[in-house]
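Below you'll find the structure, written out as C-alpha cells, and then a few comments.
The values are calculated or read from the model by the stated rules, or taken from the named source; none is laboratory data. What you see is a predicted model; the values in this text were computed from it and never measured. Methodologically, a virtual Cβ is constructed for each residue, glycine included, from the backbone with ideal geometry; neighbour enumeration extends over all protein chains shown. Areas reflect the complete protein model, heavy atoms only, side chains present, ligands, DNA and RNA absent. Shrake-Rupley method; radii C 1.70, N 1.55, O 1.52, S 1.80 Å.
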Amino acid sequence: MAGTKETPAWVADLEAATPTEAHKLSIPKDDSEARAKWSKWVKDYAALPPDEVRANPAASVFPGDVKPGTPHAKNFRYAVDLNMPRWQFTGLYAAPGEKIDLTFAGPVPKGMKVRVGCHTDSIMHTEKWSRYPSISWSVNVDKQVVEIANPFGGLVYIDVPRDKERGGVNMPTYGGYIWLDEKVNSAHPATLDVSINGGVQAPVYHIGKTTPAQWAAQLAATGAPWGEMAGKRFIFSLPIDTLRGVKDPEGLMRYWDKVLDEAWKFGGWRGERTVPERFVPDRQISAGFLHSGYPFMGQYLHAKEVVDLDTLKTKGNWGFFHELGHNHEGQAYTFDGYVEVVVNLHTLYLMKAMCGLSPHQARPGWDVSSELKKLGDGSTDNFARLALYVPLIDTFGFDSFTKTFQTYWVKDGSRGLDNNEAKVNAFVERYSETVGRNCADYFASVNLKCSPAIAAKLSKLPKFMPPAGQPTPATN
C-alpha cells in the first residue's frame, strides 16, 4: 500500500528534478547552492514517514516498476537466521512507494535493520547523476513492529548484525569480510520469525535447493523487476530479464562458488568462508567502473557478463576477479602505492585457477619483459609493478604466495606492520624463507629494498635471480 497521508509540496519539485539515464543531472562540485539544495532534499526525503512516501516517477526507469496486477504479500513468513550476519533476502520486492510492515516474533538483536533496495552506493559526491543519489533505504529494527517505504522500491532484506558471542578475529582487507576462528552457531535462539505485509514475491534461486522446474515457475510468475541467485559463497541481485536469460543456473553458481573458494584459498585464509559475498549491478556507482566491498558493485552492463558462463569458463573476467581480489587482499602485505598492484596478484591467480591462463596469457597485450624493463627504470605504473611477481610465480608457483600470506594470519603475524618499511622487510623475509631462497637482491632490483639487517639474515640462503631466458628487470 502506498502512502496514505498527503505528501509535502516540495516532494513534487524533487520528483521533477530526479535524474535518469536519459535525463542526467550535472552539478559541479563548486556549485554550493545546488549541492546544498540537493543535500537537504536527500536528507528530508529519507526522513519522510512511511505514510507520506509515494512512488518517485523515475523509479519506473530504474530500478523498475512492479507489474500491475501482481498480488502483494499478506502475513508472509520469513525466518531470520541469527547466525548469518549481513543481508538476508526475504524473497519480497517492495513496489516504489509501497509501505512494508514487519512484525518480529521475539527479541530483536541490537543493530538489526530492514533494507529496501540493493543499490547502496551514494553518488552524491559525483558531478553527473544518472539516477537519484541514494536509492537504498533502511530502518533500524528498534521495536517489534517496524514500517518502511522507499519511493524507488527494491528487494527487501533483513540486515543481521554479527552476534556478540560469535567472536573471531577480523583481518583488514580492501573491501572484504574476513573473520577467522568464528563461532558460527553462537546465536541462541538461532532464528527469529518475522511476518511481512506488503511487497510482491521475487524470484530467488538457491543452489542445491531450487529445482529447474521451480526456478522456471518463479520466473514465469513474478511481477518483480529484480531477483536473486544464491550460491553457497556468492549471491547476485539481478534484473529479471537477465535472470530469465540464464541457461544453467546450477552450473553458473557452482562456477562462482569455486571462484570464491579459490580466492579464499589463495589468500591463505584458514577455515571456510562463513558469509557469502554479493554482487549488484547499478545504473551508476560511487567510484570507478567496478568497485570492491559488500556488495561489490558494477555497471548495469555487467549484469549480463556475470551470468555469461561460456565466456567466464574460457576467458574469466578481469574486472570481477580484480574486485574480488580487493575483498581478499590483506592490508598487512600490501606496500604503499601497491593496493592496485597486489590485488592483481590475486586476479592472476583466479585467471589461472578458473581458466587455465598463465600470467603471461591472462591479460591481452601485457608483455612481462617490457614491463619489467620499465620497472627497473623507475616506472611506478601498476602493471609494471605487477610484472615483478611473474618471475616468482614462474619459478616457485602461486602456492609460494599463499604460504607466505598464511604467516600473516597466525597470532601476532601482522603485529607492527603499520608502515611501509616494516611491510617490505616482512614480505621479503617471509617470502624468501618460504621458498628457501634469498630474494633480497631481486626485490631490491624492483625497488623493494629490505633493511641491511634482513638482508644479512637472508644471506645464509642461496640467492635468487630469474634464470636465463626468464624476464628480468633492468638494472642501472
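Of the cross-linked pairs LYS232/LYS258; LYS209/LYS247; LYS5/LYS37; LYS143/LYS232, those separated by over 20 Å at the C-alpha level are LYS5/LYS37; LYS143/LYS232. For the chain, the longest stretch holding no GluC sites (Glu not before Pro) located in a DSSP loop with at most 15 other Cβ atoms within 10 Å is which? My reading of the result: 273-476 is the longest stretch. Calculated translational diffusion coefficient of segment 168-266 (20 °C, 1.002 mPa s; Stokes-Einstein with Kirkwood radius over alpha-carbon pairs) equals 134 µm²/s. Principal-axis analysis of the Cα atoms of the chain puts helix 32-46 at an angle of about 60° to the longest axis. Identify which of the listed values of Rg/Rh (Cα atoms, Kirkwood Rh) was calculated from the structure shown: (1) 1.05; (2) 0.97; (3) 1.02. Structure-derived value, by its label: (3). Pairs from the table (LYS265/LYS460; LYS67/LYS128; LYS373/LYS423; LYS373/LYS449) lying more than 21 angstrom apart at Cα are LYS265/LYS460; LYS67/LYS128; LYS373/LYS423. With respect to the chain, whose longest principal axis is taken over its alpha-carbon atoms, helix 212-221 is tilted by about 50°. Note on LYS183 and LYS5: the model spin-label points, each 7 Å out from Cα along the C-beta direction, lie 4.4 nm apart. Phi-derived couplings, Karplus 6.51 cos²θ - 1.76 cosθ + 1.60 at θ = phi - 60°, listed residue by residue for segment 148-156: 8, 9, 10, x, 9, x, x, 4, 9 Hz, with x used for Gly and Pro. Helix 249-266 axis versus longest C-alpha principal axis of the chain: approximately 40°, rounded to the nearest ten. Entry note, the chain: the mean residue ellipticity at 222 nm calculated from DSSP H runs of n ≥ 4, each adding -39500 (n - 2.57), is -9500 deg cm²/dmol after division by the residues and rounding to the nearest 500. Beyond 27 Å in Cα-Cα separation lie the following of the pairs LYS113/LYS304; LYS40/LYS113; LYS352/LYS374; LYS183/LYS313: LYS113/LYS304; LYS183/LYS313. Only protein heavy atoms count here; under a 1.4 Å probe, THR191 has an accessible surface of about 80 Å². Accessible area per residue for the chain is 43 Å², calculated with a 1.4 Å probe on protein heavy atoms, without ligands, DNA or RNA. The Cα atoms of segment 75-157 cover 45, 24, 20 Å along the three principal axes, with the biggest extent listed first.
On the protein heavy atoms, probe 1.4 angstrom, tell me the percent of accessible surface of the chain carried by carbon and sulfur. Let's see the in-between values first.
Working: 10570 of 20580 Å².
That fraction is 51 percent.
Given a 1.4 Å probe and the protein chains as shown, PHE104 ends up with an accessible area of around 10 Å².
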